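The block underneath contains the structure these notes are about, expressed in structure tokens.
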Amino acid sequence: MRGMLALTMGFVAVMMGSGESAAAIKVSGWMVSWNPTSLAQFEAQASRIHEVLPEWFMVQADGTVARRPGWTPETRARLMKVAKDHGVAVLGMASNFAGTGFDAKRMQVMLGDKAKRDQHAKDLAKMAAEDGLDGIDLDYESLEAPDRENFSRLVEAMAAETRTRRLVLSVTVHAKTSEPGDWGGSQAQDFARLARAADVMRVMTYDQSWSGSAPGPIAADAWVESAMSFAATQIPKEKLEMGIAGYGYDWTKRPATSLTWTDWVDRKGPTLDPASGELVLGESRFSGAESNGRKIALAKRLGLRGVSLWYIGSEEPGLWDAVPKR
């Protein structure tokens, strides 16, 4: 694409120009089973990745947990072999995504009942250990403000189970710039309390503009800095990772269509948004290497543990050119 080389080189300059070692930042990434590029890209870039977080578990309608059906035994085995060969930790992602969105109701049938909460935590840790995982990433999104206390209790129960089994516990949370947050999903997540239980906290500093909103930045630099600066007041920096976007949106029709780099790459004549580093063409945007370079530089400046990419296989490949092997 016209201009892509220049943008990628700009990313390299942002990453390396400070003279700091990029190895000081851990690079993690989520994986999806429904796009085969995700596993292929993980295989290609595994030597640059510290932790991988594949979709692995699901919350069922009754609040219990099960393994997601998307991975076959063969693809699970392939993923685990690549991770083992390259020394990458595998944290199975557990989420309440169902159908077309995140479902608070299937969480709420379990959250308010201590016995069900404790069983949820026990079952999830047991399955993770059986599958040979190094840990669990809890990605329970779009809950409601009244769920705050019980969600904290669930994470605390989960921490007790993962410690017993020597598993890493990661908790993925919505971005916010103050407590308790400005909508139900963020209000349900008590950053400081969750951080006391979790080993790693990952803040989703993307979807500032989302599929249902008007066109706008996916992650404006100023918004990301504000969100992560606040998070750092609640969460120890050695536990804190910044979520970065490796995707785009096309708002030509509403709701917007999500774009991978493959969807975007042949579009001609994009401009660069100075506020985010994102590629812009009409009512479409993509968070590519330049945008991610700025975010990684910010994570280094703030002294964070690392960055987490949503998702491996969707991103501009130029991102990896500036991430050295571990």
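None of the figures in this text is laboratory data; all of them are computed from the coordinates on show. Just so it is clear, the structure is predicted and the values come from calculations on it, not from any experiment. Neighbour counts run over all protein chains shown; Cβ positions are idealised from the backbone, glycine included.
Order of 255-263, 146-154 by packing, highest average Cβ count within 10 Å first?
Peptide ranking by packing, descending: 146-154, 255-263.
Stokes-Einstein at 4 °C, 1.567 mPa s, Kirkwood radius from Cα pairs: D for the stretch 47-93 in µm² s⁻¹?
111
For the chain, take the longest principal axis of its alpha carbons; what is the angle in degrees between that and the long axis of helix 4-16, to the nearest 10 within 0 to 90?
60
Straight-line reach from Lys116: which lysines fall under 25 Å, measuring Cα to Cα and dropping same-chain residues less than 8 apart?
List returned: Lys105, Lys126.
Treating only the Cβ of Lys, Arg, Asp and Glu as charged (+1, +1, -1, -1), what charge dipole size does the chain show about its Cα centre? Round to the nearest 20 debye.
Approximately 580 debye in magnitude.
With P(r) over Cα pairs in 10 Å bins from 0, in percent defined as stated, name the option among (i) 6, 25, 33, 24, 10, 2, 0; (ii) 6, 27, 36, 24, 6, 0; (iii) 7, 29, 35, 19, 8, 2, 0, 0 computed from the structure displayed.
Answer label, from the structure shown: (ii).
Determine the alpha carbon to alpha carbon distance for each of Lys84/Lys237; Lys81/Lys325; Lys114/Lys237; Lys26/Lys239; Lys176/Lys295 and list only those over 20 Å.
In this structure, Lys84/Lys237; Lys114/Lys237 lie more than 20 Å apart at Cα.
Mind checking the angle between helix 289-302 and the chain's longest principal axis? C-alpha axes, 0 to 90 degrees, to the nearest 10.
Computed tilt is about 60 degrees.
Per 10 Å bin, what is the whole-percent P(r) computed from every C-alpha pair distance within the stretch 148-296?
For the stretch 148-296, the pair-distance distribution reads 11, 36, 29, 19, 5, 0.
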